[in-house]
Amino acid sequence: MSTEASTRAIVAAMLANLGIAVAKFAGFLVTRSSSLLAESVHSVADTGNQVLLLFGGRRSRRPATRLHQFGHGRERFFWAFVVAIILFSLGALFAIYEGIEKVLHPHPIDSAPWAIGILAVSILLEANSFRTAVRESRPLKGEATWWGFIRRSRNPELPVVLLEDIGALVGLVLALIAITVAVVTGNGVFDGVGSIVIGVLLGVIAAVLAVEMKSLLIGESATPEAEARIAAAVSGSPRVDTVISLRTQHLGPEEVLVAAKVQFDADLTMAELADVIDLVEARVRGAEPTATRILIDPVVVRHDRPPVDGPWAGLPEAGD
């Protein structure tokens, strides 16, 4: 369901941005507005970004190979990271450059009603794309805040589309304000200032996306809720004494590697131990369907083993 929701949000955003980019470029040719040109490049970059996200989703579904034995699920993380770089280089830097050029060499806005009308229509189209992204994200967000969802989601596409849409909407409003002020005052410098502000906004969004996608590329654990379900499934299984350690890592948005060191009843025979491990794996998959790779390391009782306080003992929290 996560993949389907991501695809719907991406397609909606791509179609909206493609139509908006054409309209903005047409408006720029008529008005010569710097803010409108910056927004045009922004929409073109966003359209390309959505194509890359769809491309990454397609490549992530390739089967495992000898070289990539856990599959290609992280392709989605990689292409989302590329999107952040493109948003910064094509969107933010171009908008700032164009804004500085307009501040240094200002000229009045031509055909202001065209520019304002195009921006108003673009806002409506972008708002519809944003509404689709919000609707598809709600089931995954749960009770978390939207900022918490963007920071903690293991799904790369929905946070990217949400932030892109937010940036586009705010950028359109800023462009509308900048053009209106430039027309009212007759000073084209305000148009350039609007472009610079749009560039800074895109740069901040790109930086947030880059940080989050880098973390996913390195390999994030399952969410605390998912880890709790996995730990409960293991510790609650018959003939399990203690979960000594538990480690998880996302191989893709819907694929989690689980590695657990588990102490079982000491009187189990080898055949019984094999059956119990199979049961533990089945319980884990039932509790957390994203646990696609499960490695159970059975251990015997050792009285000289240092005490372990919980399955994640010894691991620092994020940022430590």
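The values are calculated or read from the model by the stated rules, or taken from the named source; none is laboratory data. Computed from a predicted model, the values in this text were never measured in an experiment. Ideal geometry is used to build each Cβ from the backbone, glycine not excepted, and the neighbour counts take in all protein chains shown.
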Mind counting the residues in the stretch 79-125 that are part of a helix (DSSP H, G or I), within 18 Å of residue 188 (Cα to Cα) and out of contact with any helix residue (DSSP H, G or I) (no Cβ under 6 Å at 6 or more places or on another chain)?
-> 6
Residue selected from the stretch 122-145 under the condition under 21 Å from residue 222 (Cβ atoms) and not basic (Lys, Arg), by the criterion surrounded by the most Cβ atoms within 10 Å (Cβ to Cβ) = 137
Restricting attention to the stretch 201-223, does a residue exist that is at pLDDT below 95, in a helix (DSSP H, G or I) and closer than 25 Å to residue 277 by Cα?
-> no
Residue check for residue 135: in contact with a strand residue (DSSP E or B) (Cβ under 7 Å, 6 or more places away or on another chain) and in a helix (DSSP H, G or I) | no
Across the stretch 229-247, what is the number of residues that are touching a helix residue (DSSP H, G or I) at 6+ places or on another chain (Cβ under 6 Å) and on the phi < 0 side of the Ramachandran plot?
-> 7
Expected output for the stretch 36-55 (first residue in the same structural domain as residue 109 (by TED's automatic domain parsing) and in a helix (DSSP H, G or I), partner at pLDDT below 85 and hydroxyl-bearing (Ser, Thr, Tyr), Cβ below 7 Å, 6+ apart or cross-chain) is 38/195
Does residue 205 qualify as being under 30 Å from residue 118 (Cβ atoms), in the same structural domain as residue 60 (by TED's automatic domain parsing), touching a residue at least 24 places away in the same chain (Cβ under 8 Å) and not basic (Lys, Arg)?
-> yes
Does residue 185 count as surrounded by fewer than 16 Cβ atoms within 10 Å (Cβ to Cβ) and more than 30 Å from residue 226 (Cα to Cα)?
-> yes
How about the stretch 182-200: which of its residues are in contact (Cβ under 8 Å) with a residue 40 or more places away in the chain, in a helix (DSSP H, G or I) and not acidic (Asp, Glu)?
-> 182, 183, 189, 192, 193, 194, 195, 196, 197, 198, 199, 200
